[in-house]
Amino acid sequence: MPELLAPAGDWECARAAVENGADAIYFGLEAFNARMRARNFTVEELPTLMEWLHLRGVRGYVTLNTLVFEPELPVAEALLRAMMAAGVDAVIVQDVGVARLVRMLSPDFPLHASTQMTLTSAAGVELARELGCQLVVLARECSIAEIRRIREAQERDPQRRPMPLEVFVHGALCVAYSGQCLTSESLGQRSANRGECAQACRLPYGLVADGRPVPLGDRQYLLSPQDLMGLELLPDLIRAGVASLKIEGRLKSPEYVANVTRAYRRALDELAASARAPDELPARYAADAETRYGLEMAFSRGLYTGWLEGIDNQALVHGRYGKKRGVCLGEVLRVEKGSVVLAAAGAVRPGDGVVFDAGNPEVEEEGGRVHGVEPAGQGQDGRPLLRLRFGAGTIRWARVRPGQKVWKTSDPVLERCWRRTFEGEQPRYRRPVTMRVSGRAGEPLELVVRDEQGREVRVLSELPLEPARERPLGRAVLEAQLGRLGGTPFYLAGLECAWEGEVLLPFRELNRMRRAAVERLEQLRRRPPRWTVRPEPVIRAACRAGRDPVEESPAGTGPTLVVLVRSMDQLEAALQWGATTVYCDFENPRQYVAAVRRVRRHDAEATAATTVWVAGPRICKPGEDWILRQLSACGADGFLVRNADQLYAFSGRPCVGDATLNVANHLAAEFFLERFGLQRVTASYDLDADQLEALVRALPPGCVEVTLHQHMPMFHMEHCVFCAFLSRGHDYRDCGRPCEKHRVWLRDRVGALHPVKADAGCRNTVFNARAQTGAEYAERLARAGVRHFRIEFLDETADEVVRTLSRYASLLRGEVRGETLWRELRLVHQLGVTRGTLRRDGNGGPRSGGGGRLDGRGCVV
């Protein structure tokens, strides 16, 4: 059976997971984890936590799954050393540079590739293997069929063991690809890649198509998926070869962790008992009504299989709310004094918490604890009616109307049951041990105890076995005495008796032997694994200091503008302006042939040649090789590569790494530059000016490209807004391709219209309504060693393209100041231009993040 991996945001959640059958937990420390809002654990707590987990037979994985900026690498190194010393079983990482740092520190410390790495294909798994990973957490957007294809692609090489794959099976779903969501960064300088997601996907949006609002009724939450429940799909996941099943929820309550872990533990145990091999498993696991009710009450925005069964844009996002609801009890039929009458669709009892759904979840909703439940006759359809009474003053009855849905959001009786599963110090979930006893009269009795992980201890009796005249030792007696394991984390799963003749030993001696064996076994289990660790620091002070800007900046090699266009009209404008390097990023890659031909015709007439590069989609999944073939055959001078598939497909040809590679430090940059021969890499959009300058100075001049002007790509998602809300189709096969017929925007709560674009894989990108500029930092970054500044266009007209490029060229020539340019562009562009994410906060310091430094005790401060 696969490993069951549960979340732990704090000690209570860790206990809840362990006492309900988790095989492993994952948790974060005070820095560099993607859930900085959780309580998390301190470095000082780490040895105690790992000792307790190992005693209980549970593995502990630490999430170091954010980007790490250049000045923070020493902090990351110190944290990794603390993990290795404490016996952590694996570290989960996002940053390619951190993965390299792990292997620089230790050749054997287990390394897991986080879902934040956005790995969706066999090429992504291969990239993780090259980095030294032992397991890959696939993107949540992978279907079971795609997981199976990734596994099968690995099995084609008989010389190598397939990489274990981990998938999420339960919990909240991000609408955007993890590691590629820049919404929080773009709108509020709170980076999801730094553990500070602002959950903008859970907010209401309006839909505008071709300049007109689209009437959607009560569907306002266009980007808020239902929660994932893969319980019934466990047989298919097992058959697909999944090695680890992950439950989301490091920000959830311990009761949630207890209930969800218990449900999946029970299901896995039942499936294991029902079949000897995966092909003997049932088609689906049949979850009973009680289990489903518990999962809905623990936390639910609606439960659905997510992308595991493939894409269904109608089902993934119902659009009616973006927060926890629980179980629907029915609709209000009438409102009475201090009570409501409804045709109940579910059980309700006094003490339950309910909320009245008026169809506008953003406004404070009415709700409270039920004080009384009474029969109220029958409805017209024959269903029994219930009257729910509430305490005086708890409900503002003027806001409750017939037709409103009633949701049960709290069941105190059930919540107390969940809490009892992990309260107290006594172990509740126990691990199996087997025992073997042997001996003969006149010699000591030998007791060998073996745990589920293969550890053994041997204990000899202090008294010799005596010949038995009556009531000799027997299996039943030994099982009763040796099986008295209450208060320990073990239960007796098997006993082998191998003594000769009929012998006798006092019960007190048997009890002493049992206690001694258990104590020794517990000591063995508490011992941390010993990892090989390089003693000397690997992040050297010289590496952190960077270059001298004067010595490293050759004269006459000033920076140039690189232009990214998204239409043929923009390409024409860029050529007429005189761009020497153009990236084409078209929704339809079939247009690239025409774009390349247009550039070649221009070159034949122009005095200076223009190189044309083409960009593929941000994501590549199994079966999408046709897109790579189109890019390869279009005749472009090079490629703007965005994922592992493109890195391998275009290796050996001119390539530039895009920001989707999430380069935030020199270790990551060097990997892509050296392993794949990239000409340069684009810096991650998560870096502010100080962090960006530190990265640039840590590398030779010209290695880092900086995007100076762009509409930030906020959400990049498998979910298709066009299909879900402009058609009745479920995916590209039956949607009618509204993306080819309509221009679409999402209107946010302040009225900004964010453009939505679809790519060749039918994935959507929501771009920020406002372009952002880093013009004020161009001179500083050029002095640091930046040789290529990118200007990206989205929907700008040809005139706007020419005007914008002309002003940025003046900026690089020193003819205009950055602040002046920003103010000009703010006036010229219809929606305005913001200073963007390179700016500092109001105090002049860097923006907040998930990093920090260590004090003398090894604690993050």
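Structure notes:
- Residue 3 long-range amide H proximity, modeled H, under 5 Å: 244, 245
- Inter-site label distance for residue 210 and residue 369 at 7 Å from Cα along Cβ, in nm: 5.5 nm
- Think of the chain as a dipole: +1 on every Lys or Arg Cβ, -1 on every Asp or Glu Cβ, centred on the Cα centre; then among 135, 216, 495, 216 lies furthest on the positive end.
- Projecting the Cα atoms of 785, 709, 609 onto the dipole axis of the chain, where Lys and Arg carry +1 and Asp and Glu carry -1 at the beta carbon, places 709 farthest toward the positive end.
- Computed over the range 641-697: relative contact order in percent, which uses C-alpha pairs under 8 Å that are six or more apart: 36 percent
- Karplus-derived HN-Hα couplings along the range 234-243 (A = 6.51, B = -1.76, C = 1.60, θ = phi - 60°), whole Hz, x at Gly and Pro: 3, x, 5, 5, 5, 5, 6, x, 5, 8
- Per residue, the chain reaches -8500 deg cm²/dmol at 222 nm when only DSSP H runs of four or more residues are counted, each adding -39500 (n - 2.57).
- Distance violations [Cα-Cα > 27 Å] among 252/757; 337/408; 621/757; 621/741: 252/757
- For the chain, DSSP calls about 50 percent of its internal beta bridges antiparallel.
- Taking the accessible area of the chain, probe 1.4 Å, and keeping the other protein chains in place, the carbon and sulfur fraction comes to 48%.
- Using the 1.4 Å probe convention, the accessible area of the range 611-752 works out to 32 Å² per residue with neighbouring protein chains retained.
- Relative contact order of the chain, defined on C-alpha pairs under 8 angstrom at six or more residues apart (%): 15 percent
- When volume of the Cα convex hull per residue in Å³ is calculated for this entry, the matching label among (1) 266; (2) 231; (3) 208 is (3).
- Cα pair distances exceeding 20 angstrom across the range 161-297, given as percent: 61 percent
- Averaged per residue, the range 398-513 has 55 square angstrom of accessible surface, using a 1.4 angstrom probe with ligands and nucleic acids left out.
- Size of electric dipole in the chain: Cβ of Lys, Arg +1 and of Asp, Glu -1, about Cα centre, debye, nearest 20: 1100 debye
- In terms of packing, defined here as the mean over residues of other Cβ atoms within 10 angstrom, the peptides 139-145, 812-818 line up highest first as 139-145, 812-818.
- Length added when fully stretched, residue 527-residue 283, from 0.36 nm per residue minus Cα-Cα: 83.7 nm
- Within the range 231-287: Cβ-based charge dipole about Cα centre, in debye rounded to nearest 20 (Lys, Arg +1; Asp, Glu -1): 220 debye
- Using a probe of 1.4 angstrom and keeping all protein chains present, the accessible surface of the range 167-291 works out to 35 square angstrom per residue.
- Site pair residue 392 and residue 130 shows an inter-label distance of 7.4 nm when each label is modelled 7 Å from Cα along Cα→Cβ.
The values are calculated or read from the model by the stated rules, or taken from the named source; none is laboratory data. Quick caveat: nothing in here was measured; it's all calculated off a predicted structure. When we count neighbours, we look across all protein chains shown, and the Cβ atoms used for this are built from the backbone with ideal geometry, even at glycine. These area figures cover heavy atoms from the full protein model, side chains too; ligands, DNA and RNA do not enter into them. Shrake-Rupley method; radii C 1.70, N 1.55, O 1.52, S 1.80 Å.
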